[in-house]
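Taken together, the values in this text are just the output of simple stated rules run on the coordinates, not laboratory data. The shown structure was predicted, so the numbers you read here are calculated from the model rather than taken from an experiment. In this analysis, Cβ positions are derived from the backbone assuming ideal geometry, glycine residues included, and neighbour counts consider all displayed protein chains.
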Amino acid sequence: MKTFYTNALIYRQGGFAPGCLVVDEGRFVEADAPAEGDRVVDLQGRRVVPGLIDVHVHLREPGFGYKETIATGTAAAARGGYTTVCSMPNLNPAPDSLAALGEQLALIERDAVVRVVPYGCITKGQQGGGEQADLAAMAPSVVGFSDDGRGVQADEDMLRAMQEAVRIGKPIVAHCEVNELLRGGYIHDGAYCRAHGHRGICSESEWAQVKRDIELVEQTGCQYHVCHVSTKESVELVRAAKAKGLPVSCETGPHYLVLCDEQLQEEGRWKMNPPIRSAADRDALVAGLQDGTIEVIATDHAPHSAEEKGRGLERSAMGIVGLECAFGVLYTHLVEKGLLSLETLIDRMATNPGRLFGLGGVIETGAPADFTVLDLETEYEIDPETFLSKGRATPFAGWRVKGRAAMTVVGGKCVYEA
């Protein structure tokens, strides 16, 4: 039995056009006429885009199921319009070998409602240095390698990791942070920090490691992706690397694109790593998004318990949730305000991450039927108490936005419908 999704505006090859999607056995097939027994779904003129892809999420299992589970995290992803997510290795056991990775793979197989492709660690125990993880053994089962949450500190450790990544054909996906420059900081070293007596994280702690890594890419030719870029200097370094033709890409998050440190409040829901930075940094990130320097938007969805996020700005755990509100925030504050076209937003949230990481992100005959139906008209308030994620901490609580997933389909199966 085929399913016909009719009366749709479908995103293909950079633009929207009226059409009909036909799905058979989990894949897109050529459009024809419905036969007896086929199913017809009228999408009422809504826009259909490739399923959103988030290459940076924390699903917390195994090891930290009180924060999030594969089941709750992927339910949140489906509600947000995501059909594929890439799970970071901040887990117990840390996935630094095929055996350690196996427990996570089994949970994904059992509980995930969207596609989940994990990362393997760069270093043993995800310590940001020392013995290298077993990259080659994990390669067939992971999207790439990251020590997210820790920067790889020693130049020789990152060089060795890049050389191995080139050999096995996988990307290095780097959390860039120089430990000796942190100095106990926990928010951006800017006006709010100084006015309220907090300890700041300087911008150089991020961009200095981005600079080092790009120099190592020049030596090795490694495919290299920078996680959660937050500073104007990092944007310029990536822009220059691209101008040289280096295989360098980067992502940023919704909170870095629409917020700055002048808006901080004394609550844990405003604390993440890297921190929300200055208005100048925010504007540079938007410019990087506009000119293609920043090719990917990722949420860095990082749930914690209410107790861990309820200790105020100084003492709360680092991390916020984002899967269920990212599209609405970005559509309202970038597209509706004329900073970005809807087509560019879809490229950054679906097409580009799919292309860069080999995860699809297209609507074409023969491809897996992963797509999202968008409702761009309904206005609503972001209410964390309604989230399917276990995490509730978001700086966007109470914001009124437009734009959300009306339906999320993975492999031809509807996994969420508003």
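Tabulated data for the structure shown
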quantity	calculated
Single residue of segment 35-61 satisfying the filter (small (Gly, Ala, Ser) and over 30 Å from SER87 (Cα atoms)) that is surrounded by the fewest Cβ atoms within 10 Å (Cβ to Cβ)	GLY37
Among the candidates SER141, SER146, residue that is among the hydroxyl-bearing types (Ser, Thr, Tyr), within 24 Å of ILE53 (Cβ to Cβ) and in contact (Cβ under 8 Å) with a residue 60 or more places away in the chain	SER146
Residue among LEU101, LEU91 that is buried (at least 22 other Cβ atoms within 10 Å of the Cβ), over 14 Å from the mean Cα position of the chain (by Cα) and part of a loop (DSSP other than H, G, I, E, B)	LEU91
Unmet criterion (only one of (1) assigned to a helix (DSSP H, G or I); (2) surrounded by fewer than 19 Cβ atoms within 10 Å (Cβ to Cβ); (3) without any contact (Cβ under 8 Å) to a residue 40 or more places away in the chain) for PHE64	(1)
Matching residues in segment 105-114 - criterion: being out of contact with any Asp or Glu (no Cβ under 7 Å at 6 or more places or on another chain) and crowded, with 17+ Cβ neighbours inside 10 Å	ILE108, ASP111, ALA112, VAL113, VAL114
Residue identified as under 23 Å from ASP189 (Cα atoms) and hydroxyl-bearing (Ser, Thr, Tyr) among SER341, SER316, SER305	SER316
Subset of segment 112-131 [assigned to a strand (DSSP E or B) and touching a helix residue (DSSP H, G or I) at 6+ places or on another chain (Cβ under 6 Å)]	VAL116, PRO118, GLY120
Counted residues, segment 1-26 - those being surrounded by 13 or more Cβ atoms within 10 Å (Cβ to Cβ), of a type in the set (D, E, K, R) and out of contact with any strand residue (DSSP E or B) (no Cβ under 6 Å at 6 or more places or on another chain)	2
